[in-house]
1. Scan region C:292-331 residue by residue and report those that are polar (S, T, N, Q) and outside any loop (DSSP other than H, G, I, E, B).
2. If only one of C:I305, C:I298, C:I310, C:I287 is buried (at least 24 other Cβ atoms within 10 Å of the Cβ) and not aromatic (F, W, Y), which one is it?
3. Wholly within region C:129-223, which helices (runs of 4 or more DSSP H) include no fewer than the required count, namely at least 1 residues that are crowded, with 18+ Cβ neighbours inside 10 Å and away from every other protein chain (no Cβ under 11 Å)?
4. Of all residues in region C:458-492 being more than 18 Å from C:Y347 (Cβ to Cβ) and in contact with a Gly (Cβ under 8 Å, 6 or more places away or on another chain), which is modelled with the highest pLDDT?
5. Would you check which residues across region C:344-393 are assigned to a helix (DSSP H, G or I) and in contact with a strand residue (DSSP E or B) (Cβ under 9 Å, 6 or more places away or on another chain) and list them?
6. Within region A:101-113, how many residues are farther than 24 Å from C:I209 by Cα and surrounded by fewer than 11 Cβ atoms within 10 Å (Cβ to Cβ)?
7. Can you go through C:G45, C:G94, C:G56 and tell me which one is modelled with pLDDT of 95 or more and either under 22 Å from the mean Cα position of the chain (by Cα) or surrounded by 22 or more Cβ atoms within 10 Å (Cβ to Cβ) (or both)?
8. If I filter region A:75-93 for residues that are more than 9 Å from chain B (Cβ to nearest Cβ), more than 22 Å from A:V13 (Cα to Cα) and polar (S, T, N, Q), do I get at least one hit?
Amino acid sequence: MTESADIGIVFWVLSFVILVSAFMVVSLKNIFHCALFLIMCLFSVAGIFVLLDAEFLAAAQVLIYVGAVAILMIFAIMLTSNLASRKIRQVNENVSVGVFVSVLFALASIILIAQTHIWHYKTDFTPVENSIVILGKYLMIQYVLPFEVVSILLLASLIGAIVLARKERS
Amino acid sequence: MSEYVAVLMFILAGAGIVLVTFFMARMLRPHNPYPQKDINYECAELPVGSSWIQFNNRFYIFALIFVIFDVEVIFLFPWAVAFGQLGLFALVEMVVFILILLFGLFYAWKKGVLKWV
Amino acid sequence: MSSMDITFPAFDLRFMAPEIFLFLWALFVFAYDVTSKRKSSTAAGYLAMLGLMIAGAILAYTNYGQGYGSMFLFEPAAKFFKIIFLGSAFMAIGSSFGITKERIINHRGEFFGLILLSTVGMMFLSSSNELLSLYIGLELTTIPLFVLASFFKDNKLSVEAGIKYFIVGAFSSALLVYGMSFLYGLSGTTDLVQMKINIAMTHLTFKEIGVILVLANVLIIAGLGFKLSLPPFHQWAPDVYEGSPTPIAAFLSVGSKAAGLIAFAKIFVNGLYAFNGPEMAPNDWGILVGILACAAMILGNTVAIRQTNIKRMLAYSSIAQVGYIMIGMVTMNDLGIASVGFYIFAYMFANMGAFAIVAIFEERTGSCEIQSYAGLSHTSPVLATTFAVFLLSLAGIPPLAGFFAKFFVFASAIKMAQADATAGWLYWIVGVGLLTAVFSLYYYANIIKVMFFSKEASPYRVHYTFPSFGIVLIGIAGVIIFGLYPEPILKFASDISLSFGFLP
């Protein structure tokens, strides 16, 4: 099938961009450039979501992560005195422990997931059309209680953010 | 899925136009840099200090409040799409959701965070 | 996933009246604080305490039932833990008046309001039998606590505590959600009871899913282990307790820990109970958690001996106490769950009381070093005596409540080990528990020694202020009354097992 081959190419390109930009985020010396690469990484993840027919997640990814969180990070960098142009150290004395734990965890999860052959159980899977409508219905009907609690959660974070970010006057 | 091919094309075309313009300019222009030409505003003010300055703290609180309401918008999105198939209760649920968050705005306003002094 | 089967679960707002009231009251506290002219008034704190009392009264008159499907189930376990959440929030606020007076200038109302919001999150969490609402309840519990831990913004230690707690909390939430996503992927439902059935059915034909269940279990144990400060996920606790305001450290050690416990019980004892035992060999989470509990008891009790700061010592002591509580959890029968409930109830009075005294002492002297307590019995005998009672209860000395807490936990484990031949490993855990309990006596008694048997009298004379003294009295009353007469609480705690499908 040609369409799936095209999707395959797009997937590999996006994955390559994600991996390279994610590596740049953790390895560049200028933290401002790291933030720009983070935006690129998050945007490519949105592309992966589109490939998986998860349009809502793609929209959320662009709107929240690319649109708001990344901007907030850049603001935070610009606010910090003299951090934006400075070169920072990328590693500390814990780097070997960190690499060890991450590699161990990655290997363990890959091996465990591969052993279960979990993708063999359901072969007749077809993505749902209009997934956002169904999502909206679930959110408004079945999961409306957690949905309302989310607004309490957002309120608590708003108040907490104001308390912490405000300059103290005595 | 196929409608996203257009989006992809658009992104590629947009990036391509920029790159081609840069490339053409590089080919056509003479290469003759000198200090006066290298400053940011070639034909007007001299820049003072570095452009890497510390921003005002207030931007940050605005950005934080913006993120919170951005997350709210992402919840409005599926609600709005599905609204036609839902009843009055969906409206009530969303009004409750927004009212709770509006309290946060009221709080921020009363606290004087939104003022630029 | 057709859109036809989306229906409203059975719902009735009356069953969530305490939560709704407490949330509205928190808004009232914020609104009052932000609109009132008088700055740095104590009224917001008293309002918050009043709200907690009214919420408790509403809780007492609320019947058991389905508030919103399995996302809000008001049942004995939820009621028991809600009492603990309300109680620990009440005692935390009560002991924070003095310590916040000097150090928080602009945001005192928010301090109390955020404690209330965190309590609302805990209460939602304890009623939830469903992964999504469980997770959101847990987030609502912890997000205000990040802010509260760093509330002394001019103090480097407090800011460090907040950042540390935030990073650890965010990381543990990520692990938890990752684990939950595996459970959802295996079962196709977020309802915990339905999940148990679906996974068991799938497991009959596809044995391999056991492997991925292990991954999910490990991720969720790690995620909740951070909240419970169960080793090896405990390193944040001493730093955060030391840096954050003392009443918040107390609230973290009791309220937030109880929230982690009920979440753990919901997921593991309710949702994954069927996946424990020899026939489900790869999913024996009981033994894994048992090993972590042993690590908690050994590490907490030995490292606590070397501490010179009282808050760090109490942090390590709380790590050890979680170890004892987890013995009851892995026993997995009606007595085990009941003993968990009784333990956290007794622990609330002793630990909140001990932290209240640390807060009073810190307010007066500005010091949290154990050496500063030297000779306190000469100048402030009441303070020294009450502190000694709390420490002895934490150590588990009869006839205080802490003794019965430890006794019931060990008794339930031994009974289970006797009844079930495959549960023989519980003997080992009880052995470790008994041995480390003796160790723990050393550092608790050391503080009593410093206070009572010092040659010189202390340079400090500590006077009681009103709300904190009330909290100390409540703590003393709880520790002594429920030590001498534990039956009513024990009977109530045994009702918890009904919520987990055990018949007492």
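The values are calculated or read from the model by the stated rules, or taken from the named source; none is laboratory data. Source: prediction; values computed, not measured. All Cβ positions, glycine included, derive from the backbone under ideal geometry; neighbour counts span all protein chains shown.
1. Keep residues of region C:292-331 that are polar (S, T, N, Q), which gives C:301-302, C:307-309, C:317-318, C:321, C:331.
Those that are polar (S, T, N, Q) and outside any loop (DSSP other than H, G, I, E, B): C:N301, C:T302, C:N309, C:S317, C:S318, C:Q321, C:T331.
2. Working: C:I305 fails: buried (at least 24 other Cβ atoms within 10 Å of the Cβ); C:I298 fails: buried (at least 24 other Cβ atoms within 10 Å of the Cβ); C:I287 fails: buried (at least 24 other Cβ atoms within 10 Å of the Cβ).
Sole residue among the options that is buried (at least 24 other Cβ atoms within 10 Å of the Cβ) and not aromatic (F, W, Y): C:I310.
3. On the way: elements: C:131-149, C:156-187, C:192-205.
Here the list reads C:156-187, C:192-205.
4. C:G470
5. As a first pass, look at region C:344-393 and keep what is assigned to a helix (DSSP H, G or I): C:344-365, C:370-373, C:376-379, C:381-393.
Listed by number, the list holds a single entry, C:I370.
6. Let us first name the residues in region A:101-113 that are farther than 24 Å from C:I209 by Cα, namely A:101.
Applying the additional criterion that residues be surrounded by fewer than 11 Cβ atoms within 10 Å (Cβ to Cβ) yields none.
Number of matching residues: 0.
7. Values: C:G45 fails: modelled with pLDDT of 95 or more; C:G94 fails: modelled with pLDDT of 95 or more.
C:G56 is the lone residue from the list that is modelled with pLDDT of 95 or more and either under 22 Å from the mean Cα position of the chain (by Cα) or surrounded by 22 or more Cβ atoms within 10 Å (Cβ to Cβ) (or both).
8. yes
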